[in-house]
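Below is one structure; the comments refer to it alone.
The numbers here are math on the coordinates, done by the rules we state, and not lab data. As the structure is a computational prediction, the values presented were derived from the model and not from experiment. Virtual Cβ from ideal backbone geometry, glycine too; neighbours counted across all protein chains shown.
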Amino acid sequence: MYFNGIDFPNEIVEAIKKGKFVVFAGAGASVDKPTSLPDFETLTNMIAEDTGETKKKNDLCEVFLGALEAKGIDVRGAAAGILSDSCKEHNKLHETIVDLFNCRDDIKIVTTNYDQMFEHVIQSRNEVIDVYNAPTLPLGNDISGIVHIHGNVNNPKYMVLTDEDFGKAYLTEGYASRFLVRLFESYTILFIGYSYNDTILRYLTRAMSRNDGCRRYILTDDEKTDWSLLGINPIVFPKRSYAVMRDGLRKLGVGSKKGLLEWKSQFELFKYSPPRDMTGDKEIEYCLENEERSLILAKTICGKEWMDYLDKKNIFADCFSADCKGDSNLIWGDWLCKNFVGKDDKSFLELIFHHKNKISPKLANGIASHLITINGEIDEAFLADYILLIEKYIENDWTIVKLIEITSSKKQWKTSFLLLQKLFSLNMVLIQKGWIKPEGVEFKHTFLGSYFLIDMAWNRMIENAVEFYPREIISFVEAKIQELHQKYEIVGQGINDGVAFEIAILDIENKKDSYRENQLEILANMYVESVLRLHKDENAFLRQVLLNDLNSDSALMRKIALRAFRETSAFSPSEKVTFIVNNEYLDNTECKEQVFLLVAKCFPQLSDSEKKNLIQAIKELDSGDKSSVSYRVYNWIVWLNRADLSDQYTHKLKEQLQNEYGYKESKHPELILSPTEVEWSHNQSPVSEEKFISLEIDKVINWLVSFNENPFEGPSREGLLNTFSACITKNVAWGKKVFEHLVKKEIWNEDIWQRGIYASMNSDCSLDDALWALRLFNNNISSIGNVTLIAEYLWKMVERSDAREFVLKYESEFYEITQNLWTERNKKEIDDLKGGRIIEATLYTALGYILFSWIYMVSFHEERIIPAQYQDCFNDALSLKTTEKNVARCILVGHFNFFCYRDKNWSLDKLAPLLISNNKDCFTSSWGGIVYFSSRINSDTVDIIEPIYFKALKHIDWLDDEALRAFTELLLTLMIYVVDKPTLKYIPEYYKCISTRKRTILINTINSRLRDMDASKKLEWWNSWLKRFIVNRKNNKPCILEEEENQEILDLVTVFPEQFEDVVEVVCKGKMPKKIDSSFWLQLQEMNLSSEKPHYMAKLLIRILESAEEISFSDTFIVKIVEELGPLDTKEKKELQEVLLKRNIGVEL
């Protein structure tokens, strides 16, 4: 940018803004009055005075001073004395250089001067700054303050003056060169007060690389010298115009601090016309380099003059490139759309032409979005022009449908149809082959548009599209289905394979109650509607089309053509049936439904002879396997009879087949049925509940044992077993008779006993009847075989609310049954639960049911003991050697509170050690039981459990996420109500032992707990240790604060309305989250604190908006919060308005 006529590179302005700017100040900075210090040459001559030595013209200053020092002259002391005597006051250039920086903390001045004029400037402002003197220099890539690279008059010993000094600084000791190398790599440098022939400048530049992309500049009035030889870019000011130079620097400092608000006000001055002067032009160029400033500019300016101006500067290059990068395409593409689409379309289209008709996908989508925004309020010719230009780039189905709505509303049916075709763009993707069991991968087609949106678009245009373009629609459908067919052939998926088979058998009939969503059905409807709209004078064309499509290689095309063939009047019923018979459609599986429907429509209109010929053709299907083929023939006869109920021949033939084969009518003989569909949908019982109970028990047993289902249709065994179960549940006495008879007849069919036991378990039988059944099951356990089901039956009995007295009465018998179940159980049952969690194993295995039953039976005893026989059982369970031991641990340790209440010593001896075990399986199964079965802290056992929790922390990372969350919830309860100062020991240990991925669980649990607390409890907790914990985390104690946890900490603001100010102060310190989601803003807005606490709300907003990298879907909430803010001071307003502009959030304060 130009400042006072001096062209300062934009890079310098940006470096100042970002705190990556360093001023390198030479002797020239201290020449002006009142400082008036000598340059190096003059200083050398002054030191030589009265020594009898004179510096010759070609002598190097440092070499000459080195010679003086060799003769015993104290050149450093002399130099310090000269400069100290002269250094009385800093000059305006010193102040100007200091004022270049944004703030005191950003000051980075490196100087080869020995004076302290920059320090004087700082001191005069009552401020303090870091100062470094050679040889003790900071790291070159991380500096702040003033660096005297050649020393300081305060310590003459280390002033760099002689050739030996320069050798040490840059060669032998190298402290200056090391510093400079890192400095030049890390910062943008501006040299001030140096000339090309300065000895010191030549030493400095030896540490610089000479690459073309250097970020080193010198402010000079010497425009003839080739500065590139030193690796420096010149910034030239008029010859000897030092006041101009100084004023240019001042304006640079002011200009670099200009915020978005100031830029916005400046842009308003040339809203309709770009600047004509070079200064304004350079400012625009500078703003165009930055996304934030570009956005403000784009929101302010408008008009063709600006379009031409920006185009000349190649700003729209990305908008007209297929390989666009960056966000400038979005900003300026959006600007073009908002300012020209629907306003000055002619100029916009000329611009596109100028760019050789190339537009980027982003611009194309921007044009589409704007057409939708203005709801097509545009000249119809221009609308069509835009659609033709952007259609190939639009890949969003919703956008295409909205454009179809617009073009349809303007009756541009051809354009609408063009867009509709885009929705059917076809792609092939890989999917998993096999449904229940994966069998590799296969291809499946996808369309660009979803079913819902394509259907919406087609319904919008159907009437007019088929009226004006039926032939085009028919051709399009044919081509699309042929494309689909060819692609499946290319990948080797024929009609009998996978997805292609699903397409072949697709039901394309347009049924009102259908909930299918398949785009191919819409294609079918398009075809049929268009066929029916063809005029009678086009019958020849139509007949040829249908005959061609009925002989298509694609089964789907043939099926669609059959539907149209059925509906059209271009063929007589006789012609249609004759075609079906002659082309072997009667037994065509893929087209079955359409063939049946066509024949049904035509059959009543056939002559008697034609009917008999058709039936004869159907009978001829009866070859090969009699039962299966005859059933197909039977289905056809049933269908024909339904089509013409008056036809006696089909009626008699149907009865004949029923009597011969015992067939029953299918509800839908026209549909394609697979065994899978039959199995799932036909659970019909062959006998009703009432009839089943009324039968003699022998006949009941015969039904259960002997009934075999038809695999294709009709009653199933599943339906019979459902009826059997329902009868046992409703009639306990009848069930007992069936069980007795099954045992007597030694019938042990697995499905019969499984259904019977389940039904008995779920019945409302008395405890006496239940015990009767349990005895029977237990006595025949080896024959029945299902130990787990019998164990579950036992558990369901003892957990009944009325079971206590009954179980105590028959306790010895119940105990013996549990022992028998223990002996008979399948010890590998848990191993068979592949992939199952330990909790599932406790709930659905014989071992689990037995242990639960024992625990219930112990609980029935009033004494606070564990009876000896049960204690032995529990000890045996804990001593198991197989994977069953994990289930035993889970259940028994999970009832730790119960056992502690019953027998504290036994619990501490047997169970407590498992909770701090170093064995992973033991630890995870034990704590899995605690968090699942004892999800609370018991006050009676808190003194026992508290130290166990702390010791267990070392292995908490072994727990899965669900168990860890529950563990953390219990731990948090301890830390709130029991543990004193948990931030000292508990929390550090927690973070030490948990993996980084799981660290958010604690703060997430804290947030959840706070939302369930009243205000007084939250305040008490905050003041107790929660505030300290949050402060520690923001300070990375006891470990680094990660992004997700930081987001959770920020959420605390929304659950602490009463301590809003205090919480805001805490969460705004340190690192802020990079991502803020919309839920945070919604909750913050719903707190309604903007008017009550405006200063802290503004502080929170400023901190978030200036720090976050991603803020999701939040503009509406933020605008609402800002609009409700109470009075703010001027500084707060400016800071908030600045960050709102930066985020492109349009709200005025």
Calculated diffusion of the chain, Stokes-Einstein form, Kirkwood radius summed over Cα pairs, 37 °C and 0.692 mPa s, µm²/s: 82
For region 928-1027, alpha-carbon Rg over 2.2 N^0.38 Å: 1.03
Once every DSSP H run of n ≥ 4 in the chain is given -39500 (n - 2.57) and the sum is divided by its residues, what mean residue ellipticity at 222 nm do you get, rounded to the nearest 500 deg cm²/dmol? -17500 deg cm²/dmol
Would you mind putting 957-970, 894-907, 40-53 in packing order, based on average other-beta-carbon counts within 10 Å, highest first? 894-907, 957-970, 40-53
Among 796-803, 556-563, how do they line up from the highest to the lowest mean number of other beta-carbon atoms within 10 Å? 556-563, 796-803
Rg/Rh ratio calculated on Cα atoms of region 410-571 (Kirkwood radius): 0.98
Over the chain, relative contact order from alpha-carbon pairs under 8 Å, at least 6 apart, %: 5
Nearest 5 is fine: what % of DSSP beta bridges in the chain come out antiparallel, could you say? 30
Rounded, prolate or oblate for region 778-931? Axes are the square roots of the Cα gyration tensor eigenvalues, ordered a ≥ b ≥ c, and the cut-off for rounded is a/c under 1.5. oblate
Taking 163-173, 805-815 and ranking on average Cβ neighbours within 10 Å, highest first, one gets 163-173, 805-815
Reciprocal mean inverse distance between Cα atoms of region 875-945 - Kirkwood radius, Å: 12.0
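Restricting things to alpha carbons, find the Rg to Rh ratio for region 1005-1070 using the Kirkwood radius for Rh.
0.94
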For each pair in K881/K985; K312/K392; K251/K271; K20/K1034; K17/K1075; K57/K224, compute the distance between the two Cα atoms and list the pairs where it is over 30 Å. K881/K985
Determine the sum of side-chain charges near R902: Lys and Arg each +1, Asp and Glu each -1, restricted to other residues whose C-beta is under 14 angstrom from that of R902. -2
For region 1074-1149, just say rounded, prolate or oblate: build the C-alpha gyration tensor, square-root its eigenvalues into a ≥ b ≥ c, call rounded for a/c under 1.5, and beyond that prolate if a/b exceeds b/c, oblate if not. oblate
